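**Student:** I have a structure here, written as structure tokens, and I will follow up with some questions on it.
The values are calculated or read from the model by the stated rules, or taken from the named source; none is laboratory data. Quick caveat, the model's predicted, so the values are computed rather than measured. We place every Cβ from the backbone using ideal geometry, glycine too, and count neighbours over all the protein chains shown.
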Amino acid sequence: MDFFLISIVLLLTVPHISGLQCYSCDRDTDCTEMEICEEHQEQCSTTIMTVLSLVDVLIARGRQRRTRECYSCTTADKTCSNSSLELMTCARLEEDCVDIISFTTELPAGEQRIKGCGQLSHCQASEPLGFHNQNSFHLIKCCNSSRCNSDMQDYKDAPLPLNGVTCFSCEGNSTHGCSPDAVSKIQCQGPMTQCLEASGIHGISGENSVVKGCASPSWCESPYTAVHKNLGAIHSRCCSGNLCNNWIINGTLKPSPRSQAGHTFQAQQTLLSTALLLSVTFLLCSGSS
């Protein structure tokens, strides 16, 4: 008899215990009515639909029209000259006009250049990203107004003005390229007002590699040393003052309490490098179309 009564009580109470209760409403009501959900319904949900007015649609379309126009070119198809620069319309409001310049002493053909639209990490209109040493020169510029990336300066034939800072310069390893006898001094240009040194594993040789040179403060905060120099597990350091980038010993960067910016790009490097390369690929495609 007791078992029968307990069974009846359970049958009466279980639906109320297991049944989820949610507020229920439709249209513009105040949503205070309670509803017991079916056994298979295990969550309460809210759906809000907003109908755009004609004014909303016109504003949205107006925003699309206000995207920037930027000059587009690549040296790969020889379109980076004043007479052949073309205009492109940026796809998104967040995109800036960009100008990427890169050359090395090992490539006598001249500087490699890309112009177009893009969003590049750490790139601000107020300060270019830059690095240079005796082996290479890299400059990334962003600006936030239409047609602002019109600069056509040849930075190989017409370098930026010297800024008074001198840094150690080298690329290679402790026995070749960055050996004590191979390290030279370089006078820094333009916004590259800090000395940089970095060490990491080269992506092609698999050996430890060292880089020294001049860098802008924004470059020091960015992953572009790893990207441009193809370095993994990179340890980098920037400092202020002449010839202060002398803390790499036997290919290893030692901690320095005087370092103003020290960074390790390891797990994040792959993601950031991929993002930059995708951006550059997009710009190349845009420039050649």
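**Student:** Please go through region 166-200 and pick out each residue that is small (Gly, Ala, Ser) and buried (at least 22 other Cβ atoms within 10 Å of the Cβ).
**Tutor:** Residues satisfying the conditions are Ser169, Ala198, Ser199, Gly200.
**Student:** Confirm whether Leu231 is buried (at least 18 other Cβ atoms within 10 Å of the Cβ) and free of Cβ contacts under 8 Å to residues at least 40 places away in the same chain.
**Tutor:** yes
**Student:** Name every residue in region 132-181 that is assigned to a strand (DSSP E or B) and within 22 Å of Ser81 (Cβ to Cβ), in order of residue number.
**Tutor:** Once the filter is applied, which keeps residues that are assigned to a strand (DSSP E or B) and within 22 Å of Ser81 (Cβ to Cβ), region 132-181 yields Phe137, His138, Leu139, Ile140, Lys141, Cys142, Cys143.
**Student:** Can you tell me which residue within region 165-187, out of those that are touching a residue at least 24 places away in the same chain (Cβ under 8 Å) and among the small types (Gly, Ala, Ser), is nearest to Ser209 (Cα to Cα)?
**Tutor:** It comes out as Gly172.
**Student:** Looking for something assigned to a strand (DSSP E or B), surrounded by 15 or more Cβ atoms within 10 Å (Cβ to Cβ) and modelled with pLDDT under 90 - is there at least one such residue anywhere in region 237-257?
**Tutor:** Yes, region 237-257 contains at least one residue that is assigned to a strand (DSSP E or B), surrounded by 15 or more Cβ atoms within 10 Å (Cβ to Cβ) and modelled with pLDDT under 90.
**Student:** Taking region 185-216 only, how many residues are out of contact with any Lys or Arg (no Cβ under 8 Å at 6 or more places or on another chain) and modelled with pLDDT of 95 or more?
**Tutor:** Number of matching residues: 15.
**Student:** Condition test on Arg27, is it farther than 20 Å from Ser145 by Cα, of a type in the set (Lys, Arg) and either assigned to a loop (DSSP other than H, G, I, E, B) or modelled with pLDDT of 60 or more (or both)?
**Tutor:** yes
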